[in-house]
1. Could you calculate the FRET efficiency of SER69 with ASN139 from 1/(1 + (r/R0)^6), where r is the beta carbon distance between them and R0 is 30 Å, rounded to 0.05?
2. Could you compute Rg(Cα) / (2.2 N^0.38 Å) for segment 9-143, with N its residue count?
3. Would you please state the base-10 log of I(q)/I(0) at q = 0.15, 0.20 1/Å for segment 120-207, with intensities from the Debye formula using one equal scatterer on every alpha carbon?
4. Which number gives the lysine pairs in the chain that have C-alpha atoms under 14 Å apart and are eight or more places apart or on different chains?
5. Just round it to a whole percent: the fraction of Cα-Cα distances in segment 64-198 exceeding 18 Å.
6. Quick one: what does P(r) look like for the chain with 10 Å bins over all Cα pairs, in whole %?
7. Please list, by residue number, every one of the trypsin sites (Lys or Arg not before Pro) in segment 63-147 that is coil in DSSP and has at most 13 other beta-carbon atoms within 10 Å.
8. In the chain, what percentage of the DSSP-assigned beta bridges are antiparallel, given to the nearest 5?
Amino acid sequence: MRSKLEVCIDSISGLEACINGKADRIELCSSLELGGLTPSDELMKLASEVNIPCRVMIRPKKGSFEYSSRDLHQMFDDIDKARSYNFDGVVFGATLLNGELDQEFLGQLIRYSDGIKKTLHRAVDTIPKTIEAVEIAINLGFDTILSSGGYETVMEGLAVLKEMQQRASGRIEIMPGSGINPQNISEILSDCHFAWLHSSCSIHRQNSKITDSQTIKEIKTAINV
């Protein structure tokens, strides 16, 4: 079974690129330059009108993944918005000051988002024991972990990602993301199947990065080779 491609976007032009490039799923954000924050209501509404499954980033502030009770209630509100548009799921993560996953905080978000799918995002790459996070994510109720294996890019963390996939044993999706491009797909998938891959599919244009429909097409073609 071939791998599918999730594309993270933060703009209307990104949404159009996903349509033209035939992305398999969208991760909807704002401020990708900050690692992705909760998208605007306007972008959520537009994405809800597109016939592509979509998961919404739930991240109310830039910087660390340590959150307060006030942040929690903001995230509850954002989950409500995502649910109101009937999106495929939500994406979130949280850590403690000691660098571990904040299981109590995540548990509250998991329970609040009951009935929709849930991705644990790259907060998992900031903790010391990325591989051990697989069991934690399964026990909490996530269905997907987005990770670069604890490194800056997937290619650096590929050995860890393969070990995470082995640990998962089909109980949760391990979705590699960070630095994926048409040129490295074959190596990523060479001896380990990942059902989903995640990429911004971006190019530099006029001192900014934009989602590129041609890059989406090229990655999907490389997946199918």
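Just so you know, all these numbers are worked out from the coordinates, no wet-lab data involved. As the structure is a prediction and not an experimental result, all values here were calculated from the model. Cβ coordinates were reconstructed from backbone atoms using ideal geometry, including for glycine residues, and neighbour counts include every protein chain displayed.
1. On the way: r = 23 Å, r/R0 = 0.77.
That pair, SER69 with ASN139, gives E of 0.85.
2. Values: Rg = 14.5 Å, N = 135, 2.2 N^0.38 = 14.2 Å.
It is 1.02.
3. Here the Debye-derived log intensity ratios amount to -0.51, -0.85.
4. The number of close lysine pairs in the chain is 6.
5. Values: 4821 of 9045 pairs.
Looking at segment 64-198, the distances longer than 18 Å represent 53 percent of pairs.
6. Spelled out bin by bin, the chain gives 8, 36, 39, 17, 1 percent.
7. On the way: sites: ARG70, LYS81, ARG83, ARG111, LYS117, LYS118, ARG122, LYS129; in loops: LYS129.
In loop regions of segment 63-147 (DSSP not H, G, I, E or B), the sparsely surrounded trypsin sites (Lys or Arg not before Pro) are LYS129.
8. Working: 6 of 31 bridges.
The answer is about 20 percent antiparallel.
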